[in-house]
Amino acid sequence: MKKRLKRKIEKRRRAEVHRVLDLVLDINGLGKRWEGLTGNLPTAFFDFSGHTACLYVRVFENGWNGNVRPDYSTDIPIDQKHLLQMINDLEVMKRVLSV
């Protein structure tokens, strides 16, 4: 029973990580995003650190520029509480940015 529960929890967390990546792609798209190329289109970054099991997401509402700090930035461990908060934040940001 213990193994089954662990697999179920991991499956749920993987689905939540996939949801975060989906939201980042919805905000950014698959094309290049850089303020010099695309003007003020939002740019999102997604990083997964396998050695610490953490996600790092940054969103620049008006496009990426190396001299500007992100409008949204978070570095979280992969656990249900933090992932759900990040998903909620990104969904709100997606609606606000109208992408």
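The values are calculated or read from the model by the stated rules, or taken from the named source; none is laboratory data. Quick caveat, the model's predicted, so the values are computed rather than measured. Backbone-built Cβ (ideal geometry, glycine too); neighbour counts: all protein chains shown. With ligands, DNA and RNA removed, areas are computed over all heavy atoms of the protein, side chains included. Shrake-Rupley method; radii C 1.70, N 1.55, O 1.52, S 1.80 Å.
Of the residues in region 52-79, how many are open to solvent by 80 Å² or more (accessible area, probe 1.4 Å) and among the polar types (S, T, N, Q)?
Residues that pass the stated criteria total 2.
State all residues of region 31-48 that are at pLDDT 85 or above and over 16 Å from VAL68 (Cα atoms); if no residue qualifies, say none.
PHE46, ASP47, PHE48
Here are ASN62, ASN67: which of them is within 18 Å of VAL96 (Cβ to Cβ), at pLDDT below 90 and not basic (Lys, Arg)?
Working: ASN67 fails: within 18 Å of VAL96 (Cβ to Cβ).
Unique residue meeting the criteria: ASN62.
Filtering region 6-30 down to residues that are modelled with pLDDT under 90 and of a type in the set (A, V, I, L, M, F, W, C), which residue is nearest to the chain's Cα centre (by Cα)?
This residue is LEU30.
Considering only region 86-99, state which residues are of a type in the set (S, T, N, Q) and at pLDDT below 90.
First, pick out the residues of region 86-99 that are of a type in the set (S, T, N, Q): 88, 98.
SER98, the sole residue that qualifies.
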